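Below you'll find the structure, written out as structure tokens, and then a few comments.
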Amino acid sequence: MCSSDLQRIERYMTHAPHTINSGMPVGTAKALMKKHGVRHLPVQVAGHLVGVVSERDLFLAASLHKEDGLLVDDVMTSEPYCVKADAPLGEVVEQMAMNRYGCAIVCNDEGRAIGIFTAVDALRALSDKLSERSRKDAIGRGSSP
């Protein structure tokens, strides 16, 4: 793997993320998130991305409304931040930080969610970069990695 491959979002994204249909009850979204230990679900209709629902969206909806009868479509963000798999890591992280996005949905050319990149994934990428820097510094000082 060349170094430019390490700078692409696909290196750190979660492949084949769990998704949910927009017509599902919010309780189903909560249960899916809990079962799979995730905080974001891409929302699809007929396999095409139409939004993203986060744990925070569900919490806010529950605090403002009765959950009974609410659908994912009622609480999702309808225009999520989407990127291609070859998007540069730095650009994606910068946009997420600047706009306070909790995730980026990675889509193919047909608009299908093929991955998700979250703030946790960004921290993993940062950790890798810091470890890489530490190894280079150690080599530069004549120490073995």
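Per atom type, segment 1-129 shows carbon and sulfur on 54% of its accessible surface, probed at 1.4 Å. Working note: Karplus 6.51/-1.76/1.60 with θ = phi - 60° gives segment 95-109 the couplings 5, 4, 5, 5, 9, 6, 7, x, 7, 10, 8, 9, 10, 8, 5 Hz, where Gly and Pro are set to x. Computed with a 1.4 Å probe over protein heavy atoms only, the accessible surface of segment 1-133 comes to 58 Å² per residue.
Packing, taken as the mean count of other beta carbons within 10 Å per residue, orders the peptides 79-89, 50-60 from highest to lowest as 50-60, 79-89.
The values are calculated or read from the model by the stated rules, or taken from the named source; none is laboratory data. These figures come from a predicted structure and were not determined experimentally. Heads up, the Cβs are rebuilt from the backbone with ideal geometry, glycines too, and the neighbour counts pull from every protein chain shown. What goes into the accessible areas is simple: the full protein's heavy atoms, side chains included, and nothing from ligands, DNA or RNA. Shrake-Rupley method; radii C 1.70, N 1.55, O 1.52, S 1.80 Å.
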